[in-house]
Structures are given as structure tokens and as C-alpha cells.
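These notes concern the structure reproduced below.
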Amino acid sequence: MTAVEDYSSIAFLDFFSDLEDPRINRHKLYPLGEILLTTLCAYICDAKSWEDIQDFGESKLNFLRKYLPYKNGIPSHDTFARVFSLIDPQNFKEFFVSWVQSLQQYISEVISIDGKALRGSFDKRDDQKAIHMVSAFASNSRLVLGQEKVREKSNEITAIPKLLDLLFLKNAIVTIDAMGCQKSIAAKIREKGADYVLSLKGNHGDLHDDVDR
């Protein structure tokens, strides 16, 4: 087991210890920590649905019990879905980002900033546009380190600095496409102790001409 794997398996639950459990106490057969740990491990192992998470938990119960008791075993897929639907998403995001930030100091690698529209998130009937997200992806460890939601692709320029503020970047190399080729973004990356590789297009007139010479 690597230092990162050892650290993450222990500290993950510590970072979520103050996450509010939305359930009524008398209905809690499965502690929130067990639900979170099962979901994390299952997702890392490519679980795609609540049913997959339940199947993973049941097949890896002995492994999971190295960290928590799992006195009542693994909850049903309906329980996983219900609990996550009740958790405050903003509250969860804050704890998750803090945990990811703690991992980054152990990871020195290329971090890619990229914007994408979420497939299937649009709704023609209600004239709802697709949700657009700017994400930071650690290339070697294959971790999504943070995300910021934006209204449209053109808003990436304002969303990228907010995303960078969430990240521990020291000694990393940050790559961004031409949308992020801005002086303020480059300066923020350098302020955080990282280097950058930014794409450059012809619409950056003078700068493009200087590089092209």
C-alpha cells in the first residue's frame, strides 16, 4: 500500500465526521460513515449505480470491516440512494473538497483543468440548457480534485480562478485549454507554487505572434 492509499483510507472518515446525518436516529441501522466509505470504495472500483455499490459492499465486506464494524452488514441500494438524496450537497462538497485538498500534498503531478457539458443534463421541454462544469483532474492518480458549475462555456474564465482557489498546487504542472490563457489565471497558478502549460490560439493577437516568430 502506498503512502497516499494508507493516508486516504484512514483520514477520509475523519474529514466527514461532522457531516450532518439527515436521518431520524431511531431509523439508523447503518451509520453514515459506513455508507460513505462503501460508496467511495465502490466508486473507485468503477461502480455505476446504487445496485453496483450494494454488490461491491457485499462482496468486499471483510475488507471494509478493517476500518468500520458494519454490524448490520451492507445496506440495500435503496438505502444508499435515499441517504444521499437527503444529504445537503453543499455541505457534502465542502467536506469532500477538504479531504481531496489533504491528499494533494502527497501528489506531485499534472493537473488538467477542463470544461465540459454534462451529457443528458439538458431538458428541451423546460428550455433548460446543459449543465457545464469546470473540473480539475489529476492525471496520474486519476482523481477529480474539484469542480465548479458555470452557466455557459464563456463563463469558464471566471470559474477557473475559483476552482484554482480550492486546490493545493505546489510543485504541480497545471494544463488548461485556450479558454484559460489569461494573465490573471497564469499569475494565480504561479502564486500557488505551480507551473502551467496553456494552449494558445490566434485570437490572442500579439502573444500568438510573439510565440510564432
Single unsatisfied condition, ALA159 versus (1) of a type outside the set (Val, Ile, Thr); (2) at pLDDT 85 or above; (3) exposed (fewer than 15 other Cβ atoms within 10 Å of the Cβ):
(3)
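Hey, can you tell me all the residues within the stretch 75-93 that are touching a residue at least 40 places away in the same chain (Cβ under 8 Å) and not acidic (Asp, Glu)?
The initial filter retains those residues of the stretch 75-93 that are touching a residue at least 40 places away in the same chain (Cβ under 8 Å), namely 75, 79-80, 83-84, 86-88, 91-92.
Result: PRO75, THR79, PHE80, VAL83, PHE84, LEU86, ILE87, ASN91, PHE92.
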Pairs with Cβ under 6 Å, 6+ apart, first in the stretch 12-34 and within 18 Å of LEU64 (Cβ to Cβ), second charged (D, E, K, R) and in a loop (DSSP other than H, G, I, E, B)
LEU32/ASP21
Residue selected from the stretch 13-44 under the condition of a type in the set (D, E, K, R) and outside any helix (DSSP H, G or I), by the criterion surrounded by the fewest Cβ atoms within 10 Å (Cβ to Cβ)
ASP18
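Give me the helices (runs of 4 or more DSSP H) completely within the stretch 49-100, filtered to those with at least 2 residues that are over 24 Å from the mean Cα position of the chain (by Cα), ordered by residue number.
Qualifying helices (runs of 4 or more DSSP H): 50-59, 61-64.
The values are calculated or read from the model by the stated rules, or taken from the named source; none is laboratory data. On a predicted model such as this, the values are computed, not experimentally measured, just so you know. Ideal geometry is used to build each Cβ from the backbone, glycine not excepted, and the neighbour counts take in all protein chains shown.
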